[in-house]
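Notes follow the structure.
The values are calculated or read from the model by the stated rules, or taken from the named source; none is laboratory data. The structure presented is a predicted model; accordingly, all values stated were derived computationally and were not measured. Glycine gets a Cβ as well: all are built from the backbone with ideal geometry, and neighbour counts include every protein chain shown. The area values use the complete protein model at the heavy-atom level, side chains included, leaving out ligands, DNA and RNA. Shrake-Rupley method; radii C 1.70, N 1.55, O 1.52, S 1.80 Å.
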Amino acid sequence: MRKLLSANFSRLWRDKIFWVCMGAMLVYSVVYMMNGCRQATVDMAGYDYGIEEYYFHFALSIGMFCALFSSMFFGTEYSDGTIRNKIVVGHTKTDIYIASLVTTVTATLLIMLVWLIGALAAIPTLGVWKMTVLELFSYLLVAVLSVMAFSGICTFVCMTVTNKAYTVMVSMLLVLGLLIFASMLYNGLSQPETISDIQITSGGMERSKPSPNPNYVGGAMRKAYDFILDFLPTGQGLRMWQLDIVHPIRMIISSAAITFLTTFCGIFIFKRKNLR
């Protein structure tokens, strides 16, 4: 395992895609936070901007960076025959899979770290976090565990799909699909219970009597939506972005469960693949 990790990390530091992802995330963080600073300097009815309003925006895109990096990095190992060579020299498929997962987690965490560092450029304008230290720690812990869940999903795809082009396509579309699905659930939960129409009368514009909103999600369905959002890493990302984390422990346990299940299933399938 140590030799596998050493080889993977040696390759990682020389990998162009990894450094492109790091650079893109750094530029993205600085530009996004500077735009936030610009908004904060404009009088918006006295709205009190803070750095946390923008600091966790990376949670929406980190899954795509994870999918892009892992599919390109490990897709090359299949096309170049590197995985077969690892088996020939005596490494087990389980060790190869776990080493790949650790490499993906490490690379994605480093990409996330670049955002966290670059986003600090907004502190002179927006100040430090208004949330408590415990809240900030819980958000960052949820972010780390969600990265592990994304890495588990992407490693599963990378190690079970042998075609590099298919790996890139499946990984990116899977993460994008999960993000769209989570957005639909979040929008459903955001619907108000009642709605009022605007009516024009002789006295001007008036609101009508509130009526039930047919799009409102309630009862057991609302609980199901809420649980699925906390379970999916993309749902966790949406809630981090909106500063709407209510059940951090449930999110952490969900991410750990996804990482474990995808790894267990991935190893099971990978061990049965004929790579020779």
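Structure data summary
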item: For the chain, built as a Gaussian network whose Cα springs stay under 10 Å, the top-fluctuating residue of Ser190, Ser71, Ser151; result: Ser190
item: Peptides ranked, highest mean first, by Cβ atoms within 10 Å: ranges 96-102, 230-236; result: 230-236, 96-102
item: Semi-axis lengths (Å, descending) of the ellipsoid that matches the C-alpha gyration tensor of the range 22-118; result: 41, 11, 8
item: Rounded tilt (10° steps) of 16-40 against the dominant C-alpha axis of the chain; result: 10
item: Sequence of His91, His57 from largest to smallest accessible area, 1.4 Å probe; result: His91, His57
item: Cα-based convex hull volume of the range 85-130 per residue, rounded to whole Å³; result: 69
item: Extension reserve of the Val88-Gln191 stretch, reckoned as 0.36 nm per residue once the Cα distance is removed; result: 31.4 nm
item: Label point at Tyr216 placed 7 Å out along Cα→Cβ; residues across the range 223-251 whose backbone nitrogen lies under 15 Å; result: 223
item: Hydrodynamic radius by Kirkwood, which averages 1/r over all alpha carbon pairs of the chain, in angstrom; result: 20.8
item: C-alpha long axis of helix 93-118 to longest principal axis of the chain, angle in °; result: 40
item: Mean ellipticity per residue at 222 nm, deg cm²/dmol - from DSSP H runs of n ≥ 4 across the chain, formula -39500 (n - 2.57); result: -23500 deg cm²/dmol
item: Residue-span extension gain [Met64 to Asp244] - 0.36 nm each, minus C-alpha spacing; result: 62.6 nm
item: Highest-fluctuation residue, Met131, Met172, Met34 considered, GNM on the chain with Cα pairs under 10 Å; result: Met131
item: FRET efficiency estimate (nearest 0.05) - Cβ-Cβ, Lys271 to Ile117, R0 35 angstrom; result: 0.35
item: Rounded tilt (10° steps) of 248-271 against the dominant C-alpha axis of the chain; result: 30
item: Sequence-separation-based contact order of the chain, relative, with Cα cut under 8 Å and 6+ spacing, percent; result: 28
item: Sequence-distant lysines (8 or more away, or on other chains) whose Cα lies within less than 25 Å of Lys93; result: Lys3, Lys164, Lys271, Lys273
item: Residues whose placed amide H lies under 5 Å from that of Ile51, excluding near-sequence neighbours; result: Lys130
